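Throughout, read-outs are computed from the coordinates displayed, never taken from laboratory work. Since this is a predicted model, take the numbers as computed values, not measurements. Using ideal geometry, Cβ is built from the backbone for each residue, glycine included, and neighbour counts are taken over all protein chains shown.
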Amino acid sequence: MTVTPLRIGILGASRIAENAMIKPATATGHRLVAVAARNPERAEAYAEQHGIERVVGSYAELISDPEVDVVYNALPNSLHGPWNLVAIQAGKHVLTEKPFSSNAVEARAVADAACVSGVTLLEGFHYLFHPVNRRLLDVVRSGTVGAVTRVKTVLRMPKPSENDPRWELALAGGSLMDLGCYGLHASRTLGDACGGAPSVTETRHEEYAPGVDSWFDIELEYPGRATASVVTTMLDEQYHFTFRVFGTNGDVLVHNFLQPDVDDRVSVTVSGRTSVEHLGTKSSYTYQLEALADHLSGVSTLPIGPADAVANMKLIDEAYVHSGLGARPTTIL
């Protein structure tokens, strides 16, 4: 079956969109039809720089544009839920940056709307589509490293600028929202090998601004008694993203699960012997866009959907409530 080129509209002239959508779309032959941003001059410069066909005057105008099939939401966290909802209600397919919304209540409202409308709504957990992470899941599920005992994700990044939206509570900021959402999601993907979904047992954090965490550590436990840790910080000197699963007979490590285009190694240790596999430096974002296009063309199904997004936001809320910071506030347009 032939995959139909997507006609994509971008909400927000953001840095993340360059790697997450613009480069993959250009590489795979999809059209970047339009972009909308708060600052028209910035939008014009952004469109010219990245080969986007035209600029529209507002987010609402982009969503209602008849030439846009798929809306890519790259706005600040607090604007994911509200504008995803607007796009869904307009009958558009949506690829949204993570986190899916500000909290689980918003997530449920958006997911319910998607179910009613019948559109495709995908949260951008791009890592899941890359062979390095698919390999880790295959190794664990096959029993190669034995029964799972411990899952560890570490997500460290340099400090964002002082005026970055990730430092603002009203914009649903925090290291857990920006980084920890990946670690919790990765931990949840192993629920089928650990007796079910994990739950929060312990949290530690430090506030950078009132209600906003600069680092956040989480301990979890699965029904099968295996445990997991998610370690995040936005105060490191460099990027560091590892995903490792320990079993009764060995372990499997993805050296850079969020940036496999930088490091595509998977190390599998069984009975004290380690083998290292290289599974390709093609961008995980490109794999994600290809999977979305295949799905919309009827070629294949997606591994995650709105229900998964709701479950992940529930776990994020659980961690925030446990810490005493509380869930991120709901945003109403």
Need one number: nm distance between label points at Val299 and Lys282, each 7 Å from Cα along Cα→Cβ, rounded to one decimal. 1.0
Point-charge dipole on Cβ atoms (K/R +1, D/E -1) for the chain, about Cα centre, debye to 20: 700
Loop-resident trypsin sites (Lys or Arg not before Pro) in the range 28-112 with no more than 12 other Cβ atoms inside 10 Å, DSSP not H/G/I/E/B, are Arg38
Using a simple spin-label model with points 7 Å from Cα along the Cα→Cβ vector, what separation in nm is obtained for Thr28 and Arg225? 4.3
What shape does the chain take by its C-alpha gyration tensor, where a ≥ b ≥ c are the square roots of the eigenvalues and a/c under 1.5 counts as rounded, a/b above b/c as prolate, and the rest as oblate? prolate
Only loop residues by DSSP count here, and only those with at most 15 other Cβ atoms within 10 Å; note down the chymotrypsin sites (Phe, Trp or Tyr not before Pro) in the range 220-268 that meet that. Tyr239
Between the helical axis of 80-89 and the dominant principal axis of the chain, each derived from Cα atoms, what acute angle in degrees is found, rounded to the nearest 10? 60
How many angstrom separate the Cα center of the range 144-201 from the Cα center of the range 94-125? 18
In nm, give the distance between the simple-model label positions of Glu53 and Glu162, each being 7 Å from the Cα along the Cα-to-Cβ direction. 4.3
Can you say what percent of the DSSP beta bridges in the chain, counting only those with both residues inside, are antiparallel? Round to 5. 60
If you average the alpha carbon positions of the range 10-84 and of the range 262-328, how far apart do those two centres end up, in angstrom? 23
Nearest-0.05 FRET efficiency for Asp261 and Arg150, computed from C-beta distance (R0 35 Å): 0.80
Go ahead and run the numbers for FRET between Glu202 and Ser275, Cβ-Cβ distance against an R0 of 45 Å, rounding to 0.05. 0.85
Overall form of the range 268-328 per C-alpha gyration tensor (a/c, 1.5; a/b vs b/c): oblate
Less than 23 Å apart at the alpha-carbon level, and either on another chain or at least 8 residues along: which lysines does that give for Lys92? Lys23
